[in-house]
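Data first, discussion second: the structure below is written as structure tokens.
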Ligand code: GLC
């Protein structure tokens with residue numbers, strides 16, 4: 001059951017897919033205190049687990065830390081960080097009592113989950129305007145499913161988006177892209193997409209192409225497509241300030257950019273230098289911005305990634321003036337020494353400064369709304385702008401779209417990637433733990449930068465991380481300019497990489513089918529063990545193994561130099577290891593604890609008792625995958641319901657898309 005409460009004058013975020021009746025009074029659990037702001041508090045029992053928060057730091061169980069929903073361009077995902085790029089304000093308390101809470105509140109929100117006081121859950125915001133949804137159910141999984149139904153069907157990408165993609169910040173010329181294509185095709189490592197980072201644009205201007213490097217772009221798109229490769233360009237939130245650039249000129253003329261209090265267009269420096277932010281919270285401006293994606297679609301592009309849409313601000317004009325004034329003052333006060341520590345702090349803090357988010361406004365239905373009041377909705381609405389345009393451009397076609405920043409509600413319009421991680425072993429584990437939390441909040445098409453974005457990757461790290469990436473719907477290797485190259489062909493012998501990516505393609509019919517079933521039934525693709533085995537007390541505490549779809553469990557290796565790992569089986573399972581020679585080994589393991597050996601070039605998975613999964617032969621790209629000839633592995637006499645469609649159009653609900661496979 002779901003109850004919706006309203007306090008003050010809440011903003012309509014459109015996070016929920018349908019309107020529902022609003023109840024008066026206080027929620028049935030905890031206490032709500034309304035003053036200038038609000039504080040919700042609840043005393044947790046010792047055994048309670050708190051799930052949720054989607055893209056957030058640390059573990060699956062969110063207890064004993066404090067998280068802040070405040071979409072932030074945070075390139076250092078270190079343990080002490082409280083905010084990342086998203087605001088997914090849904091939590092589930094599971095134990096003595098079972099209930100879920102969704103705080104539909106678009107400004108900064110603090111989740112103190114037993115941090116200040118061990119047993120106290122305290123959620124607080126500075127303003128007392130919000131909708132609070134309280135969801136009761138049998139257990140955490142049941143609550144998630146009710147919530148997911150309420151917020152509406154998750155985004156469904158085209159099938160090619162389940163292929164493997166290569167990305168790197170720094171590809172500039174056609175030759176750069178061609179050499180990536182060649183690196184993969186020559187070594188027979190499957191690949192479906194090459195991502196285009198900011199250098200494809202002319203001076204980092206959205207919806208332009210580099211005039212020298214990417215002449216005759218439609219022809220180049222075709223050349224790549226002939227090799228089974230799609231190009232996926234990035235779109236940034238900030239529009240470069242430059243007279244004569246049509247996006248800038250039109251935006252200024254029509255008042256489509258976010259404004260300062262005095263009505264002038266707000267200026268934030270990002271990659272292109274000075275930029276304006278399109279007012280994507282304004283319906284007319286959103287439509288205008290979205291329609292620009294057509295410029296690239298008309299040249300053959302079928303997918304995009306939206307970036308810097310927290311929105312990220314390197315500095316504002318105002319912030320820069322304040323910083324300069326401060327440095328001048330310090331120099332005048334004591335001309336002989338400068339307080340270096342203080343200076344460093346001030347310089348670093350100029351980026352994404354809270355004060356800057358109070359310096360600009362949105363025009364929402366004729367009302368000027370200060371940005372910080374609706375901050376967490378920006379990335380959501382930028383992505384919505386694109387998705388709504390796709391529907392206008394080609395209503396029956398699926399486009400690939402994922403975003404860096406997000407809020408619940410955006411899950412209907414696109415997926416997300418988890419931003420600028422690092423080539424660290426701990427970030428493989430962070431990636432794994434985040435996936436089910438994201439699914440709880442509606443985000444199914446997700447993945448991390450495999451191999452790590454920042455810092456130098458090592459061969460073993462990329463291999464182990466890609467072996468996890470085999471199971472994430474978005475499987476993309478991406479890295480930052482200046483770091484060691486980490487494409488699958490950069491580490492000498494490519495056989496190990498080929499084996500891992502081929503395993504992805506061998507499993508694709510299963511992975512796609514499970515994704516589609518999860519999306520169509522408002523269900524999860526990644527589930528914690530505790531959701532599937534609620535009565536197993538040991539399974540309740542497992543955070544480094546996950547269920548993928550209904551039939552399998554994964555237990556990736558995330559420690560350097562490990563030859564294998566410990567794994568807990570809540571029931572008998574078939575342990576399968578895929579090898580690079582295309583063969584696989586099988587071993588039945590009883591319920592309980594095991595140490596399993598997993599070599600650097602193997603992809604392990606566990607098939608649940610009484611279940612089976614389909615396998616196909618690997619191919620160089622999705623279009624070449626032969627799904628007519630399937631092999632089935634698993635337990636004898638098991639059945640599997642396979643979902644299959646053309647992966648291009650939107651006729652998802654056709655019963656002909658399902659067929660039953662039987663292992664005999
Ligand atoms: C941001 C993105 C990253 C991208 C870079 C350059 O840091 O998160 O993925 O490579 O900008 O566009």
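The values are calculated or read from the model by the stated rules, or taken from the named source; none is laboratory data. All of these numbers come straight from a predicted model, not from anything done at the bench. Methodologically, a virtual Cβ is constructed for each residue, glycine included, from the backbone with ideal geometry; neighbour enumeration extends over all protein chains shown.
For this structure, a couple of remarks:
- Checking each residue in segment 228-237 for being under 30 Å from residue 621 (Cα atoms) and within 16 Å of the ligand (Cβ to nearest atom) picks out 231, 232, 233, 234, 235, 236.
- Residue check for residue 80: modelled with pLDDT of 95 or more, more than 16 Å from the ligand (Cβ to nearest atom), assigned to a loop (DSSP other than H, G, I, E, B) and out of contact with any helix residue (DSSP H, G or I) (no Cβ under 9 Å at 6 or more places or on another chain): yes
- Count - residues of segment 538-584 that are touching a residue at least 40 places away in the same chain (Cβ under 8 Å) and over 28 Å from the mean Cα position of the chain (by Cα): 9
- Within segment 212-227, considering residues that are more than 28 Å from residue 499 (Cα to Cα) and without any contact (Cβ under 8 Å) to a residue 24 or more places away in the chain, the one nearest to the ligand (Cβ to nearest atom): 212
- Residue tally, condition assigned to a loop (DSSP other than H, G, I, E, B) and within 16 Å of the ligand (Cβ to nearest atom), over segment 83-100: 3
- For residue 106, the stated conditions hold: it is under 22 Å from the mean Cα position of the chain (by Cα), buried (at least 24 other Cβ atoms within 10 Å of the Cβ) and assigned to a loop (DSSP other than H, G, I, E, B).
- Any hit, segment 356-378, residues being under 27 Å from residue 297 (Cβ atoms) and surrounded by 24 or more Cβ atoms within 10 Å (Cβ to Cβ): yes
- Qualifying residue in segment 348-366 (condition: within 16 Å of the ligand (Cβ to nearest atom), over 23 Å from residue 260 (Cβ atoms) and part of a loop (DSSP other than H, G, I, E, B)): no
- Here 238, 300 are screened, and the one residue that is under 27 Å from residue 166 (Cα atoms) and either at pLDDT below 95 or surrounded by 22 or more Cβ atoms within 10 Å (Cβ to Cβ) (or both) is 238.
- Counting residues in segment 117-128 that are within 16 Å of the ligand (Cβ to nearest atom) and free of Cβ contacts under 8 Å to residues at least 40 places away in the same chain gives zero.
- Whichever residue in segment 174-211 is over 25 Å from residue 250 (Cβ atoms) and in a loop (DSSP other than H, G, I, E, B) and, among such residues, is nearest to the ligand (Cβ to nearest atom): 197
- The single condition from (1) within 30 Å of the chain's Cα centre (by Cα); (2) without any contact (Cβ under 8 Å) to a residue 40 or more places away in the chain that residue 595 fails is (1).
- Tabulated pairs, segment 151-169, first farther than 30 Å from residue 133 by Cβ, second within 16 Å of the ligand (Cβ to nearest atom) and assigned to a helix (DSSP H, G or I), C-beta under 6 angstrom, 6+ apart or interchain: 166/180
- Among the residues of segment 376-418, those identified as under 30 Å from residue 262 (Cα atoms) and in contact with a strand residue (DSSP E or B) (Cβ under 8 Å, 6 or more places away or on another chain) are 376, 377, 379, 380, 382, 383, 385, 386, 405, 406, 407.
- Once segment 159-173 is narrowed to residues that are assigned to a loop (DSSP other than H, G, I, E, B) and buried (at least 20 other Cβ atoms within 10 Å of the Cβ), the residue that is farthest from the ligand (Cβ to nearest atom) is 163.
- For residue 382, the criteria (1) away from the ligand (no atom under 15 Å from the Cβ); (2) closer than 23 Å to residue 294 by Cβ hold in every case but one, which is (1).
- Residue in segment 389-406 that is within 16 Å of the ligand (Cβ to nearest atom), at pLDDT 95 or above and closer than 20 Å to residue 60 by Cβ present: yes
So that you can scan it fast, the table gives a plain yes or no per residue for (1) assigned to a strand (DSSP E or B); (2) over 28 Å from residue 349 (Cα atoms); (3) within 17 Å of the chain's Cα centre (by Cα):
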residue	(1), (2), (3)
18	no, yes, no
28	no, yes, no
47	no, yes, no
51	yes, yes, no
76	no, no, yes
102	yes, yes, no
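- Close pairs from segment 410-421: first under 14 Å from residue 167 (Cβ atoms), partner near the ligand (Cβ under 10 Å from one of its atoms) and in a loop (DSSP other than H, G, I, E, B), Cβ under 7 Å, at least 6 apart: 417/404; 419/85; 419/404; 420/75; 420/453; 421/453
- Matching option when the condition is in contact (Cβ under 8 Å) with a residue 24 or more places away in the chain and either under 25 Å from residue 246 (Cα atoms) or buried (at least 20 other Cβ atoms within 10 Å of the Cβ) (or both), among 312, 351: 312
- Extreme residue, nearest to residue 56 (Cα to Cα), among residues of segment 407-422 that are within 16 Å of the ligand (Cβ to nearest atom) and crowded, with 24+ Cβ neighbours inside 10 Å: 418
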